[in-house]
Every structure is written in structure tokens, then in C-alpha cells.
Amino acid sequence: MLSFDALENAFGDNYKFIIGSILPRPIAVVSTKNEDGSNNVAPFSFFTGVSAKPMIIAFCPLIRTATGEKKDTVINIEREKEFVINFVTEDNADLVNATSAELPYGEDEFKHSGLTPIDSEVVKAMRVKESPIHFECKLRDIISYGDQPGAGTLITGEVVRIHVDEKIYDSGRIITQEFKPMGRGAGNDWFKTDSVVEKQRLMKAQIQK
Ligand SMILES: Cc1cc2nc3c(=O)[nH]c(=O)nc-3n(C[C@H](O)[C@H](O)[C@H](O)COP(=O)(O)O)c2cc1C
């Protein structure tokens, strides 16, 4: 086995270990309001659920490696303290991918990508019509791990309103085969989730028999 010193590694080496190891990663499509009221939207695959009640999710934008600046999503959330998490499907993935273009601050990524903005019910940030699930969120925490290029910021949000398309929802559950979510891999790899396997969770009594 090879071993590496993460404390000594360059940003890019550690980054490649994260994106090559933590697989497949779910993708948060985060929409926010720019200072002039226009809309911002961008995907983030450093993303996970944190707590069910209160309902908390987390995602992590990194400091831009090219310029050393904060991403627009972070600037907007620091000011507005709210955002929407939208989700990626096989149908909207190409449009979502287009929102990752690093446009000048204030340029509307809904317009750039062709995604359709629709009003939220609680927060000012818009929802993505092409996404079958939306979480309207209020900011809970912003924890910065530095200001060097590649340093991450952990953003957690409390989900205050959930929207789900009835076509993918049955008896209190989201049906994966109808949702058709996509995940992120290393480099330019994305994952489809069309080969679902079931494994029964083993309870202590079954293991010890
Ligand atoms: C599928 C996908 C996942 C991404 N995940 C992240 C991520 O977790 N963290 C990050 O900093 N950038 C990530 N990016 C890059 C950002 O989306 C990109 O820098 C974007 O321009 C940021 O937009 P903003 O400046 O409007 O916030 C990802 C890009 C793609 C296509």
C-alpha cells in the first residue's frame, strides 16, 4: 500500500484523493439571490444530510483555485442567510452542469444554463423548476477552513420547506427509480443510479444465530 502525508501534499493531490475516494457523491444544486436581486445557481458535490429533526443539510464550497476568491454562493449566503437545495436528475444534468461555469458575479446562471426559476414559499432564493425536489433552507452555520485556494467552507442549513414532485413520491417515500438522481465522480465522471441493489440490514439476532 502507498502512504502519503496529507499535511505536506499540495492542494491538488489531497483534492484528487477526496474526489476519487468519496464516491459517488450526491450533488446539491444551490440557488441564491445576488445582491442586485438576480439569481445565482451552482452545483456542489461535497454535500450530505446532517440531521433529520431539526432537518439540517451541509455542503462545502472551496475557495476558487484560480483567483483565491470566495464563490458567489458563499458571498450570497453570508449576506442573505438563506438558499434552496435543488437536485440533479438524468433529465436536468446537462443544464445543471452548465451552471458550474464561473461567470462574473451577478450574471444570472438560470439564464446562462436554460434552467427555469420558480418562486419559493419561504425564502427569497428561487427554486429550479426542472428539479423534482426542493429544500428551502435558512442558514445555520458557516465554518471556514482557511482563505487559501482550495480551502473549504462548511455551510449548514435548516430545511424549512420541502417540495417534492408527486410523480416520484409514494406513501411517504421518494422512489429512486422515478427520481433518477445522478452523482458525481472524479474528474468529469458522473454516476447514474439505475442499478439499485437491495441488502437486508442484519439485526444482532440474525448475526448471532
Ligand atoms: C457536479 C459538480 C459538482 C461540484 N461540486 C463542487 C463542490 O463541492 N465544491 C466546490 O467548491 N465547487 C464545486 N463545483 C464547482 C462549482 O459549481 C463552480 O465553481 C461554480 O462556478 C460555483 O458557482 P458560484 O461562484 O456561483 O457559487 C462543482 C461543479 C460540478 C459540475
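Take residues that are open to solvent by 10 Å² or more (accessible area, probe 1.4 Å) and more than 8 Å from the ligand (Cβ to nearest atom) and tell me which of the strands (runs of 3 or more DSSP E) falling wholly in region 8-87 contain 3 or more.
Numbers: elements: 28-33, 39-44, 47-51, 56-59, 82-87.
Result: 47-51.
Identify, by number, the condition in (1) open to solvent by less than 80 Å² (accessible area, probe 1.4 Å); (2) of a type in the set (D, E, K, R); (3) closer than 20 Å to residue 74 by Cβ; (4) away from the ligand (no atom under 11 Å from the Cβ) that residue 140 doesn't meet.
Condition not satisfied by residue 140: (1).
Among the residues of region 119-137, count how many are surrounded by fewer than 22 Cβ atoms within 10 Å (Cβ to Cβ) and over 24 Å from residue 183 (Cα atoms).
5
Across region 144-178, what is the number of residues that are touching a helix residue (DSSP H, G or I) at 6+ places or on another chain (Cβ under 7 Å) and closer than 22 Å to residue 51 by Cβ? It would help to see each step written out before you state the result.
As a first pass, look at region 144-178 and keep what is touching a helix residue (DSSP H, G or I) at 6+ places or on another chain (Cβ under 7 Å): 149-150, 153, 155, 167-168, 174-175, 178.
Then keep just the ones that are closer than 22 Å to residue 51 by Cβ; that gives 153, 155, 174.
Matching residues across region 144-178 total 3.
If you go through region 46-64 one residue at a time, do you hit one that is closer than 20 Å to residue 146 by Cβ and more than 13 Å from the chain's Cα centre (by Cα)?
Among the residues of region 46-64, at least one is closer than 20 Å to residue 146 by Cβ and more than 13 Å from the chain's Cα centre (by Cα), which makes the answer yes.
Do we find a residue being touching a Leu at 6+ places or on another chain (Cβ under 7 Å), at pLDDT below 95, more than 16 Å from residue 88 (Cα to Cα) and not acidic (Asp, Glu) anywhere in region 146-168?
yes
How many residues does region 173-198 hold that are of a type in the set (D, E, K, R), in a loop (DSSP other than H, G, I, E, B) and modelled with pLDDT of 95 or more? Step through it out loud before you land on a result.
Keep residues of region 173-198 that are of a type in the set (D, E, K, R), which gives 173, 178, 180, 184, 189, 192, 194, 198.
Checking the rest, the ones that are also in a loop (DSSP other than H, G, I, E, B) come to 180, 189, 194, 198.
From what's left, modelled with pLDDT of 95 or more: 180, 189.
Adding up the residues that qualify gives 2.
Here are some residues: 155, 162. Which one is assigned to a strand (DSSP E or B) and surrounded by fewer than 16 Cβ atoms within 10 Å (Cβ to Cβ)? It would help to see each step written out before you state the result.
On the way: 155 fails: surrounded by fewer than 16 Cβ atoms within 10 Å (Cβ to Cβ).
So the residue among 155, 162 that is assigned to a strand (DSSP E or B) and surrounded by fewer than 16 Cβ atoms within 10 Å (Cβ to Cβ) is 162.
Out of the residues in region 88-137 meeting the condition of being under 13 Å from the mean Cα position of the chain (by Cα), at pLDDT 95 or above and part of a loop (DSSP other than H, G, I, E, B), tell me which one is farthest from the ligand (Cβ to nearest atom).
Top of the filtered list is 131.
The values are calculated or read from the model by the stated rules, or taken from the named source; none is laboratory data. Because the structure is a prediction, the values reported are computed rather than measured. As a convention, Cβ positions derive from the backbone with ideal geometry for all residues, glycine included, and neighbour counts pool all protein chains shown. Accessible surface is based on the protein model in full, side chains and every heavy atom, while ligands, DNA and RNA are left aside. Shrake-Rupley method; radii C 1.70, N 1.55, O 1.52, S 1.80 Å.
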